[in-house]
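Note sheet for the following structure.
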């Protein structure tokens, strides 16, 4: 029968020190790596947020010039629940532009559900006095070279893109019943062979203006970040 090994006390102490040192090194490495990843995430998240904010302001700038307002537009927003009148089947944000503390314009989304190749997303700016300042197509799947002229970036007429027909109009200058493409007896031009795209944008724009006008005061009055409800609003 073999006798148990006689391990010197010094050897046991040395092994314990090595194990402790290894554990401390691993812990330090883990903490350093975690701190690095956290710092990298925070830096990346900040850059992404800045980029997203710049992209939003760029889109808004297409319908509302920065000189038109003086507030932090992205911070002065409320939540719109799904709105059938705007073609929205999901929540969206509505931005309130102010100058010297006074309301000047509302910027919001609408969707034309009856585009030729699918929904057409729009961004509109409506002044506090009821004028449609501008509208832009932000997303669509209309036929390239045919129906995509609704997007000024694709419109071959760079001097006067089709979408600019809506700029600075209201229902006093152009009654709602005339807010249609010419083929339907209205005011707005359409391109031959691509009437459906123009009709969808025109009708959605008219409907969006009809929806927002009687709600302007309530939309401006709500505290930033709150959710709009249509209770008590005009029909």
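Tabulated values for the structure
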read-out: Test: residue in the stretch 220-231 that is farther than 19 Å from residue 61 by Cα, in a helix (DSSP H, G or I) and at pLDDT 95 or above; value: yes
read-out: Filtered residue count, the stretch 140-155, keeping only those that are surrounded by fewer than 21 Cβ atoms within 10 Å (Cβ to Cβ) and either within 12 Å of residue 201 (Cα to Cα) or touching a helix residue (DSSP H, G or I) at 6+ places or on another chain (Cβ under 7 Å) (or both); value: 5
read-out: Matching residues, the stretch 151-197, being within 17 Å of residue 132 (Cα to Cα) and in a helix (DSSP H, G or I); value: 162, 163, 164, 165, 166, 176, 177, 178
read-out: Test: residue in the stretch 129-141 that is farther than 15 Å from residue 64 by Cβ, assigned to a loop (DSSP other than H, G, I, E, B) and without any contact (Cβ under 8 Å) to a residue 60 or more places away in the chain; value: yes
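The values are calculated or read from the model by the stated rules, or taken from the named source; none is laboratory data. Keep in mind it's a predicted model, so treat the numbers as computed, not measured. FYI the Cβ positions are ideal-geometry reconstructions off the backbone, even for glycines, and counts take in every protein chain you see.
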